[in-house]
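Reading through the structure tokens given below for one structure.
The values are calculated or read from the model by the stated rules, or taken from the named source; none is laboratory data. These numbers were taken from a predicted model, which means no experiment stands behind them. Note that each Cβ is placed from the backbone with ideal geometry, even for glycine, and that neighbours are counted across all protein chains shown. Remember, those area values only see protein heavy atoms, side chains included, never the ligands or the DNA or RNA. Shrake-Rupley method; radii C 1.70, N 1.55, O 1.52, S 1.80 Å.
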Amino acid sequence: MNYETIIGLEVHAELSTKTKIYCGCTSEFGGQPNTHCCPVCLGLPGSLPKINKKAVEYAVKAGLALNCSITRASRMARKNYFYPDCPKDYQITQQDFPLCANGFIEIETKNGPKKIGIERIHIEEDAGKLLHVRDGSLVDYNRAGVPLIEVVSKPDMRSPEEARLYLEKLKSILWYIGVSDCKMEEGSLRCDANISIRPEGEDKFGTKTEIKNMNSFKALEKALGYERTRQKELLDGGGTVHQDTRRWDDSKEMTFVMRSKEHAHDYRYFPEPDLVAISISDEWIKEIGQSIPELPDDKKKRFIEQYKLPEYDADILTSSKKLADFFEECVKYTDDAKSVSNIIMVEMLRLMNEKGVEIEGLKITPQHIGKLVNLVNKKTISSTAAKKVFDEMFTTGKDPDAIVKDRGLIQNSDTDFIKGIVLKVLSENQQSVADYKNGKDRALGFLVGRVMKESKGKANPAIANRILKQELSK
Amino acid sequence: MYTIHELHEKLKNKDLSAKEIASMYIKRIEEQDGIIGAYLEKNFENALNDAQKVDERISKGEEIKDVEGIPAAIKDNICTNRVKTTCASKMLENFIPPYDATVIGDLKKDGALLLGKTNMDEFAMGSSTENSAFKLVRNPWDTECVPGGSSGGSAAAVASGEAAFALGSDTGGSIRQPASFCGLVGIKPTYGLVSRYGLVAFASSLDQIGAFTKDVEDMAVVLNSIAGYDEKDSTSYKMDKKDYRKALGGDVKGMKIGIPAEYFKEGISSDVKSSVLDAAKVFESLGAEVVDISLPYTEYALAVYYILASAEASSNLARFDGIRYGYRSKKFEDSIDIYINSRTEGFGDEVKRRIMLGTYVLSAGYYDAYYNKALKVRTLVKQDFENAFKKCDILISPTSPTVAFKIGEKINDPLSMYMSDVCTVPINIAGICALSLPCGMSSNLPVGMQLIGNYFEEEKLLKAGYAYQMNTDWHKMNPELRGGK
């Protein structure tokens, strides 16, 4: 039978606030165990929470960037459960009145763009971390009280691939607007998925399972793929899907039951009496809205229109806000956006990758890159020379004019000078000359290369080409 | 037995030094407390050291604050830095908080001497202080009787002269009922007036810290120290500090005092009823106007209270799980055993009863029938008072239906125990303020009346209470105790 897959994601993102959500402790990752703690985040008797305004602001910012409506009168609730990493044995979260609701994200699928609905975004506190050792278990509460947002999608995804695209897009937006560093490896972005299948054409949802513990995009796609197949085989074999919570094991590439519905928690939610309702004014929402930068999708569209870049280039340049800003800074110094794009994508990203340098650590400046493009376009230097100049600019941060001058790289268009070199190269490479004459066009490229090398990159390649052809046809 | 303002005069006039005052109270505790049982933890050395500092300030001619050098007792559910805070529970038998509650910080800043921590019903659940995991408290007026609860230790300490004033907490009457049983002035301030930071929570939306004093003037002095906005408590009300002593004096002519019919129905003892109605006549004779008022939702208040308070308690007490601090059972194989066995062995019966009730009313399938319904009735109880305060300035009622009962009399009958809070509970549900003060005697035990005020109108209560005490002597009576008055 053919089945339709229904997927919804619940994504937790740690907010990049300096302090925790209900106290003034640092929310920095790591640290000696239990050093980022106070009576409030440890839930000591008598302590009271106080909400971090910045966490609310970041959540609202995420809500606006994800096209949500913002709840003007929101409130916190208690979710009660016993677990050693939960200091108060309840988590202060939101239930009936989440901060943001009814948004969407647009993804690019094979069949064109698709909107994935967002049901709600709420704020809550993170729990501590358990460490199991030989003699027992230890708890580190440094992470307890770090602010989180939970972004709950609608069950709008129809394949594991769509789920991955959604998560990638969500990550890029949250990271872009600066509310979360979204480091999946440090657990600051975590994803649970609900998945069910139903016979094609059926309206009713099938029984869903929940998969937890997927810590990469690849794992998410694989786990959902595995679960889709598992459910399909179950149904085709006449079995039924149980409403389980399952764990994804990355090494075995399988899901395992964590708990079944019979053992599901009754969280006994009720309004948190220690915190007053959160009220959000229109002015504040407007202010937060104004702090949201241009988002990746909009930026990409603008790059294509404004700079006439191919989609591929625009995609790469807008993959990070810093890179996009760097590009736009370069373009202030030259009219040739495409050449700037080429230099950044081919040379700069390669060197950054090789040397492990981030944008903020670059010695090379946008102004110098603009200048370099202009030097090539004005034919002051050849593109071969430009590569050398770029390498030196990258390592030293020197001005390209100075490099060109110091190393004598100014392009030479003097036909006599070039002809002299051409004749020398031809006499030294008789085999290639013969090859060319026997119809091997590739030999020409080789000879041009030799001429450029002989001239130390100074020869104007167009002229070198022309003279070479002239001499060879003699 | 001295009031705060009497001691303050003596300090100022150098009739007594702070050290002499502290020693006098310490001696009293040593003589009496073996019988009364008010204190769980004594902190005499610190109190004497602090007294020394006060004396130094006086000798330098510096001006001293109203509570400076005055010995106080603190209910043992209010956190004190580096001093045990047990909530009279085996669960927290050895818990030493690393911080002070905001009210403790306030009292320390104002120079009060903290003599020690007082006994109570475990986690403030109870109306007789018989639920303490450690020992009984006896009523100084009759040692066969309970002092009331849950702040019974604080009440008994002040009534027996073992402290000049004491702090307590009031979730459903836990200050006013023992104040009434022990012949003291007790206040439940408006929710949000006094910071709850550092008060070990029982029911967060109802809890409020308040005080026991000998008279109304003293109450104004203590409120001046502990009332005010605290940024650490998000339910704390943002307003400028008031001087409550300014509310004292002046006449009550024209003040409208409501008598809510529902508080004088069956179940209220005739002596209590007549004492309170006599007090109303005193107000009338002072020129106040007494009007009849109805608060129709009163009959539901007790039910609402036990649903909401238990629900919040079940959640607030979850943290006592044997993992981080406090009692841990020695019998366990895994973490589930730690929770179950630690809580089974660490909590007393009344606490367990309320945790179970609270867990039930919050559970899926029952939430709407109980918790949510209770929230709606809570709104109706509030509206009752809002309507009443459109017609009068304050209300007058009994504090408790009876005078102090015998030890053991109600301990096996939870419902009859809960009934002793029937007059006080609605005030916590609405979040308004109320003052209990002595207004008579019945079988040699004090009778208390309750003055109820609108939100943040403590001044009206103090003004009326002060006028009453200027014209009556009930507050000047003291119990006869071994060791003399």
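For chymotrypsin sites (Phe, Trp or Tyr not before Pro), the sites in the range A:59-148 that DSSP calls loop and that have at most 16 other Cβ atoms within 10 Å are A:Y81. To put it simply, the accessible area of the range A:118-230 at a 1.4 Å probe is 48 percent carbon and sulfur.
Distance between the 7 Å Cα→Cβ label points at A:W284 and B:I96: 4.1 nm. Counting Cβ atoms of other protein chains within 10 Å of each residue's Cβ and taking the mean over peptide A:271-283 gives 3. Inverting the pair-averaged 1/r between distinct Cα atoms of chain A gives 26.8 Å as its Kirkwood hydrodynamic radius. Pairs spanning more than 27 Å between alpha-carbon atoms, out of A:K79/A:K129; A:K61/A:K252; A:K88/B:K406; B:K65/B:K238; A:K54/B:K108; A:K405/A:K453: A:K61/A:K252; A:K88/B:K406; A:K54/B:K108. Distance between the modelled labels on B:K27 and A:D203, one decimal in nanometres: 8.9 nm (7 Å Cα→Cβ projection). As I understand it, the value is the acute angle between the Cα axis of helix A:296-307 and the longest principal axis of the Cα atoms of chain A; what does it come to in degrees, rounded to 10? The angle comes out near 20 degrees. Using the Cβ of A:P155 as centre and a radius below 10 Å, the other residues enclosed give a net charge of +1, where K and R count +1 and D and E count -1. Roughly what % of DSSP beta bridges within chain B run antiparallel, to the nearest 5? So the antiparallel bridges amount to about 65 percent of the total. With the convex hull of its Cα atoms as the shape, the range B:168-238 has an orientation-averaged projected area of 4.5 nm².
Other protein chain C-beta atoms within 10 Å of residue C-beta, averaged over B:313-319: 6. If R0 equals 60 Å, the separation of the Cβ atoms of B:F134 and A:S319 corresponds to a calculated FRET efficiency of about 0.35. If you add up the charges near A:T19, with Lys and Arg at +1 and Asp and Glu at -1, over every other residue whose beta carbon is less than 10 angstrom from its beta carbon, what do you get? After counting each charged neighbour, the total is +2.
Between chain A and chain B, the total buried accessible area stands at approximately 2700 Å², from heavy atoms with a 1.4 Å probe.
All C-alpha pair distances within the range B:359-485, sorted into 10 Å bins from zero, spread as 11, 30, 31, 20, 7, 1 percent across the bins. Its Kirkwood hydrodynamic radius, worked out from the mean inverse distance over all distinct Cα pairs, puts the range A:289-363 at 12.8 Å. Judged by the mean number of other Cβ atoms found within 10 Å, the most tightly packed of the peptides B:225-234, A:161-170, B:26-35 leads the ranking A:161-170, B:225-234, B:26-35. Convex hull of alpha carbon positions in the range A:1-148: directionally averaged projected area 13.1 nm².
Extension gain, A:K387 to A:K154: 0.36 nm times the residue separation minus the Cα-Cα distance gives 78.9 nm.
Using a 4.7 Å Cβ-Cβ cutoff, the cysteines of chain A lacking any partner cysteine are A:C23, A:C25, A:C37, A:C38, A:C41, A:C86, A:C182, A:C191, A:C330. The Cβ shell under 15 Å around B:A155 holds other residues with a net charge of -4, Lys and Arg each +1, Asp and Glu each -1.
So what are the range B:297-398's ellipsoid semi-axes, whole angstrom, largest first, if each one is the square root of 5 times an eigenvalue of the alpha-carbon gyration tensor? Walk me through the intermediate numbers first.
On the way: eigenvalues 278, 46, 19 Å².
The equivalent ellipsoid of the range B:297-398 has semi-axes of 37, 15, 10 Å.
Run lengths n ≥ 4 of DSSP H only: what is the helix-derived mean residue ellipticity at 222 nm for chain B, with -39500 (n - 2.57) per run over all residues, to the nearest 500? It lands at -12000 deg cm²/dmol.
Distances between every pair of Cα atoms in the range A:28-79, grouped in 10 Å steps from 0 to the bin holding the largest one, split as 18, 36, 31, 15, 0 percent. Each part reduced to its alpha carbon centroid, the range A:147-167 and the range B:1-44 end up 67 Å apart.
Accessible surface computed residue by residue for the range B:157-290, with neighbouring protein chains in place and a 1.4 Å probe, gives 28 Å² per residue.
Looking only at the range B:404-436, which residues have a backbone nitrogen under 20 Å from a spot 7 Å from the Cα of B:Y360 in the C-beta direction? Correct set: B:411-420.
DSSP assigns beta bridges within chain A; of those with both partners inside it, close to 95 percent run antiparallel. The residues of the range B:333-485 present an accessible area of 42 Å² per residue when probed at 1.4 Å with all protein chains retained. Just to check, using Stokes-Einstein with a Kirkwood Rh over alpha carbon pairs, what's the diffusion coefficient of chain B at 20 °C and 1.002 mPa s in µm²/s? Answer from the Stokes-Einstein relation: 96 µm²/s. For chain A, the solvent-accessible area of protein heavy atoms averages 48 Å² per residue (probe radius 1.4 Å; ligands and nucleic acids excluded). Remark: the protein assembly as shown projects, on average over all directions, an area of 54.4 nm² (convex hull of Cα atoms).
In µm²/s, what is D for the range B:56-153 at 10 °C and 1.306 mPa s, where D = kT/(6 pi eta Rh) by Stokes-Einstein and Rh is the Kirkwood radius from Cα pairs?
Estimated diffusion coefficient is 109 µm²/s.
Interface residues of the range B:334-372, defined as a loss of at least 50 Å² in heavy-atom accessible area between the chain alone and the complex of all protein chains with a 1.4 Å probe, are B:Y339, B:L362.
Per residue of chain A, what 222 nm ellipticity follows from adding -39500 (n - 2.57) for every DSSP H run with n ≥ 4, rounded to the nearest 500? Each step should come with its number before you reach the end.
Working: 16 runs with 182 residues, N = 474.
Value at 222 nm, helices only: -11500 deg cm²/dmol.
Spin-label pair A:L423-B:K246: with each label point 7 Å from Cα along the Cα-Cβ axis, the two points sit 10.9 nm from one another. Between B:R324 and B:E63, full extension at 0.36 nm per residue minus the direct alpha carbon distance yields a gain of 89.5 nm.
Ordering of B:157-167, A:62-72 by packing is B:157-167, A:62-72, highest average first (other Cβ atoms within 10 Å, averaged per residue). The mean number of Cβ atoms from other chains found within 10 Å of a Cβ in peptide A:84-90 is 5, as a whole number. Pairs over the 23 Å Cα-Cα cut-off, from the set A:K261/B:K376; A:K299/A:K388; A:K212/A:K322; B:K281/B:K476; B:K75/B:K330: A:K261/B:K376; A:K299/A:K388; A:K212/A:K322; B:K75/B:K330.
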